[in-house]
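Worksheet: the structure to be examined is printed underneath.
The values are calculated or read from the model by the stated rules, or taken from the named source; none is laboratory data. Just so it is clear, the model here is predicted, and its values are computed rather than measured. Don't worry about glycine lacking a Cβ; one is built from the backbone with ideal geometry, like all the others, and counts go over all protein chains shown. Note: areas computed on protein heavy atoms with side chains; ligands, DNA, RNA excluded. Shrake-Rupley method; radii C 1.70, N 1.55, O 1.52, S 1.80 Å.
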Amino acid sequence: MSEPRAISLREMAAEAGLRLAQANESAQAVIENPSLEARWLVEQVSGYEGAEYVMALDEPATARMVSAFDAMLARRLAGEPLQYVLGRWGFRKLDVMVDRRVLIPRPETEQVVEVAIKELRLMGSDDRPTTVVDLGTGSGVIALSIAMEVVQAQVWAVDRSSEALEVARANLAGLGRPAERVRILESNWFDALPDELRLQVDLIVANPPYIAEHEMAILPADVADWEPIEALISGPSGREDLHHIITTSPAWLTKRGALILECASHQVQDLTTHAKATGFNEVTIFNDLSSRPRGITAHNLA
């Protein structure tokens, strides 16, 4: 008897696309683009990407590939977010490791980094070193993006979760030379920062928890069931951590320094009022790529 024919990468992708589409139709999992996700899964297990993937579609899958593929497909069909299944995700110029210890990097936060980099440029970051503190760094995408794209930025990546910092350190290890300008610190917000940084920080940036406890019930299942709740929920109002950061930032910022916060669209007016009451003279609201308010920039302390 002849041995059974090995399945090709093309057939594996077709099977995955069909099963993912069926899962989406039955509401088993929310999968907006089954064929694209199928390709990403096959790329991950095969090691082929881009043009190489297209050229290799008719190659037979090895037993190892099939085993890894079956396990990853089962996880995705069970509703686990694609980013966790792949174990990696793109963020601006980075390709970072992600798992359930950290939030999934989102396009909205890419916009926060864009605002932060523009602010640093206005401060003259191309001509002098600037000190940046990323509070609640999680996977490190904000801190590492700033270090990569602003060549003189000295960045502190802070998080109170030791598990999240394990992911951040793994991502830092793959950053190359810019990693020399990043320090990772376990700290509850500013608590463990060295005193010599007081009134010396040019930019504080944060994507802190900003979901209220009562909003947990309306979160999508792929968020509520999989992502770390402590990185999502702030407290009864959802503004507790945001207010704390605003109130404590002036002790660390230079007089011309800036604070950039990501938040929900309905929170920007409250945060603007709170920042002005804290001593920030100028507060502006920035939008995400959907033109919805996504955060504030506060600067020029009295």
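Overview of values
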read-out	value
Residue with peak Gaussian network fluctuation, the chain [Cα springs, cutoff 10 Å], from Pro60, Pro81, Pro209	Pro60
Whole-Hz ³J(HN,Hα) from phi, Karplus 6.51 cos²θ - 1.76 cosθ + 1.60, for segment 87-95, glycine and proline x	x, 7, 7, x, 8, 6, 9, 9, 10
Label-point separation in nm, Glu213 to Glu180, each point 7 Å along Cα→Cβ	4.8
For segment 1-101, the spread of Cα positions along each principal axis, largest first, Å	48, 35, 22
Area accessible to solvent at Asp159, 1.4 Å probe radius, in Å²	20
Residue-normalised accessible area of segment 215-302, expressed per residue, 1.4 Å probe, Å²	45
Helix 162-173 vs. the chain, principal-axis angle (Cα, 0 to 90°, nearest 10)	80
The chain - percent of accessible surface contributed by carbon and sulfur, probe 1.4 Å	51
Charge sum, other residues only, whose C-beta stays under 12 Å from Pro208's C-beta, Lys/Arg counted +1 and Asp/Glu -1	-4
Equivalent ellipsoid semi-axes - Cα gyration tensor, segment 108-169, angstrom	22, 12, 8
Estimated vicinal HN-Hα couplings, Hz - segment 35-41 in sequence order (Karplus 6.51, -1.76, 1.60; Gly, Pro = x)	5, 5, 5, 4, 4, 4, 5
Heavy-atom surface of segment 87-179, accessible at 1.4 Å and reported per residue (Å²)	40
Degrees between helix 268-278 axis and first principal axis of the chain (Cα, 0 to 90, nearest 10)	30
Answer label, with Cα Rg over 2.2 N^0.38 Å calculated from the coordinates and candidates [x] 1.13; [y] 0.96; [z] 1.27	[x]
0 to 90° range, to nearest 10: angle between helix 63-77 axis and the chain longest Cα axis	60
Helix-only CD estimate at 222 nm, as mean residue ellipticity for the chain, using -39500 (n - 2.57) per DSSP H run (n ≥ 4)	-11500 deg cm²/dmol
Heavy-atom SASA rank of Trp89, Trp40, Trp252 (probe 1.4 Å, accessible area, largest first)	Trp40, Trp89, Trp252
Candidates Val30, Val155, Val102, ranked by Gaussian network fluctuation over the chain, Cα under 10 Å, top entry	Val30
Which of Leu86, Leu253, Val98, positive extreme of dipole for the chain (C-beta unit charges)	Leu253
